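Just below is one structure, and these are the notes that go with it.
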Amino acid sequence: MSEVRGVALVNLGCRVNRVELDHMALELERAGATLVPEREASVVIVNTCAVTGEAEAKTRKAVRRAASMPGAPLVIATGCVANLFSDELAALAPNVRVERDKSAVASLASEALGLLPSAGAPASAPSAPTPTGRTRPGIKIQDGCDNRCTYCIVWRARGAGRSMPADEVLAAVRAALGRGAHEVVLTGINLGSYRAPGADGRELGLPALLDLLLAETDVERIRLSSIEPPDVTDELCRTMARAGSRVAPFLHVCLQSGCDETLRRMARVYRTDDFRRVVETAREHLPHIALGTDLIVGFPGETDDDFGRSLDFCREMRFSKMHVFRYSRRPGTPAATMGGQVDPHVMAERGERARALAEELRLAEARRLVGEEDLVVVQYPGRGVSGGLFDVLLDPTVPVDSLVPVRLTGVRDDATLLAELL
Ligand code: SF4
């Protein structure tokens, strides 16, 4: 039994992982554990990511590093790499324990710390805000994926798509509000595939779930995390428009490539024309919506022309936020054995060009917003985040953790917006 009741949390990968780790933090705090830096911890929880070969390499490094910390803490590895390659992870060091069931991790850590099981925090309890996500907590309403994109292993690690029943989502949102949340972020591996029974047994999709949450709670703002293009329907956009400022004017719509031939090889279920229509629909209902996306550069077989087309398409879509990823070979996926693997130097150069475009587009979109009104979540003194996920500078005397109406008055060269209170 350990004297020190300190646990460190290490997160790799996506927002869903972050939300799951936040939930573990909450359970651990309830059990009496203290969150401490890695070097001081008796237990380190590493929430692993397998999305690319590179992510997996980072995971192994993080587990090895944690295992070699002073006092050789118990390292509990969980998450996607733990699901796919548990034996390899466990073999990294004698003090590594792999736990595939994320809902069991907090109890395992509590036990190792000599604490009682985390009473009051059942393993299936919905996500709630924690020290790492009190103001804008994420709530995981969906997990798994039924698509089979050729570069992706996440669906194998997380299994088939499944959704949290609507009444549990409602309870999770209420719990978050009870803890002072101003904005809740609905997340999932494939969020738009959300389908679950409502109170009357009828199936609800994402638009109906939004309506329910808006009608049944006082939530000030709901934000949707990343979503697949076919799920940005007319109905969803209408629902968002009806909700006004209570749904953040932002959608992160995963493009991955702006070249149809590359999309086909990726086994994505849409083409650029479909994506264009989605964006037109969104902008028709929500004229000031900000759009984010993910872009993979250097996918096997991507030629210079393909890449050029992809960038042109991104420019046409006017994304305000682009996450640019260099394709990273992920053993076990169809793309890993495709011909035409792109030279790493070419990939790096494409990555730089895509990032330069991302910055240019972000600044242009920020400039368009000057003069508009918005709601800002204040996260630090004098700094917050807008509905469209831009950093905003405002009066430093505005209390941290509040949501305030502002007018956007200017923009800096790094796309940070300036605002005055309304
Ligand atoms: S939509 Fe494609 S990339 Fe996204 S999780 Fe599913 S299989 Fe992976």
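As a test question: what accessible area, to the nearest 10 Å², does His252 have when a 1.4 Å probe is rolled over all protein chains in place?
We get 20 Å² for His252.
If amide H atoms are built 1.01 Å from N in the plane of the peptide, which residues on other chains or at least 5 residues away come under 5 Å of the amide H of Val376?
Val404, Val406
Hey, rough spin-label estimate for Arg156 and Gln379, points 7 angstrom out along Cα→Cβ, what's it come to in nanometres?
Those two pseudo-labels are separated by 3.4 nm.
Please list, ordered by chain and number, the residues whose modelled amide H lies under 5 Å from the amide H of Gly79; skip anything fewer than 5 residues away on the same chain.
Excluding prolines and chain starts, which carry no amide H, the hits are Thr48.
Cut-off 19 Å, label point 7 angstrom out along Cα-to-Cβ of Val269: give me the residues of region 294-333 whose amide nitrogen falls inside.
Within reach of a label on Val269: 294.
Out of the total accessible area of region 6-112 (probe 1.4 Å, heavy atoms of protein only), what percent is carbon and sulfur?
Values: 2090 of 4150 Å².
Exposed carbon and sulfur together represent 50 percent of the surface.
How long is the gain from Ala171 to Ala348 if the chain were fully straight, where each residue apart is worth 0.36 nm and the alpha carbon distance is subtracted? Working shown, then result.
Details: separation 177, 0.36 × 177 = 63.72 nm, distance 4.52 nm.
Here the segment from Ala171 to Ala348 would lengthen by 59.2 nm.
How many nm separate the modelled label positions at Ala57 and Thr397, each set 7 Å beyond the Cα in the direction of the Cβ?
Distance between the two pseudo-spin positions: 5.2 nm.
List, in order, the whole-Hz ³J(HN,Hα) value for each residue of region 400-414 obtained from phi through the Karplus relation with A = 6.51, B = -1.76, C = 1.60 and θ = phi - 60°; use x for Gly and Pro.
Karplus values, whole Hz, x for Gly and Pro: 5, 6, 10, 10, 10, x, 9, 10, 7, 10, x, 8, 8, 5, 8.
Apply the Karplus parameterisation 6.51 cos²θ - 1.76 cosθ + 1.60, with θ equal to phi minus 60°, to every residue of region 10-26 and state each ³J(HN,Hα) to the nearest whole Hz, in sequence, with x for glycine and proline.
For region 10-26, the Karplus curve yields 10, 10, 10, x, 7, 5, 4, 4, 4, 5, 5, 5, 4, 5, 5, 4, 5 Hz.
Let's see if you can work this out: charge +1 on each Lys and Arg Cβ, -1 on each Asp and Glu Cβ, no other charges. What is the dipole magnitude of region 373-421 about its Cα centre, in debye to the nearest 20?
Values: 3 positive and 8 negative charges, 7 e Å.
Charge dipole of region 373-421: 40 debye, to the nearest 20.
Kindly write out, for region 163-180 in residue order, the coupling ³J(HN,Hα) from the Karplus curve 6.51 cos²θ - 1.76 cosθ + 1.60 (θ = phi - 60°), rounded to whole Hz, with x marking Gly and Pro.
Whole-Hz 3J(HN,Hα) from phi for region 163-180: 10, 7, x, 4, 5, 6, 5, 4, 5, 5, 5, 4, 4, 4, 5, x, 9, x.
Using a 1.4 Å probe on the protein heavy atoms, what percent of the accessible area of region 138-368 belongs to carbon and sulfur?
50 percent
Treat each spin label as a single point 7 Å out from the Cα along the C-beta direction, and report the Arg276 to Leu422 distance in nm.
Result for the modelled spin labels: 3.5 nm.
Roughly how many whole Å is it from the C-alpha centroid of region 17-33 to that of region 224-302?
32 Å
Can you check what the net charge comes to around Leu421, using other residues whose Cβ is under 15 Å from the Cβ of Leu421 (Lys, Arg +1; Asp, Glu -1)?
Spelling it out: positives minus negatives among the neighbours equals -3.
Counting other Cβ atoms within 10 Å, keep those with at most 12, restrict to DSSP loop, and tell me which trypsin sites (Lys or Arg not before Pro) in region 158-210 are left.
Arg202
Once amide H atoms are placed 1.01 Å from N in the peptide plane, what residues at a sequence separation of 5 or more from Lys140, or on another chain, have their amide H within under 5 Å of its amide H?
Ser127, Thr187
Let's see if you can work this out: charge +1 on each Lys and Arg Cβ, -1 on each Asp and Glu Cβ, no other charges. What is the dipole magnitude of the chain about its Cα centre, in debye to the nearest 20? Could you put the intermediate results ahead of the total?
Numbers: 52 positive and 57 negative charges, 129 e Å.
The calculation lands at about 620 debye.
Loop only per DSSP, at most 16 neighbouring Cβ atoms within 10 Å: give me the trypsin sites (Lys or Arg not before Pro) in region 302-345, ordered by residue number.
Details: sites: Arg309, Arg315, Arg318, Lys321, Arg326, Arg329; in loops: Arg318, Arg329.
Those that pass, being in a loop and sparsely packed, are Arg318, Arg329.
Check each of the trypsin sites (Lys or Arg not before Pro) in region 47-120 and keep only those in coil by DSSP with at most 16 other C-beta atoms within 10 angstrom; list them in order.
Arg100
Determine, from the Cβ-Cβ distance of Ala104 and Glu316 and an R0 of 51 Å, the FRET efficiency 1/(1 + (r/R0)^6), rounded to the nearest 0.05.
On the way: r = 47 Å, r/R0 = 0.92.
It comes to 0.60.
Under the Cβ-under-4.7 Å rule, which cysteines of the chain stay unpaired?
Cys14, Cys49, Cys80, Cys145, Cys237, Cys254, Cys259, Cys314
Quote the relative contact order of the chain in percent (integer), defining contacts as alpha-carbon pairs under 8 Å separated by 6+ residues. Present the calculation step by step, with values, prior to reporting the outcome.
Details: 902 pairs, mean separation 45.7, N = 422.
For the chain, the relative contact order is 11 percent.
The values are calculated or read from the model by the stated rules, or taken from the named source; none is laboratory data. Since we're looking at a predicted model, the values are computed, not measured. Counting neighbours? That spans all protein chains shown, and the Cβs are built from the backbone with ideal geometry, glycine included. All accessible areas refer to the heavy atoms of the entire protein, side chains included, with ligands and DNA or RNA removed. Shrake-Rupley method; radii C 1.70, N 1.55, O 1.52, S 1.80 Å.
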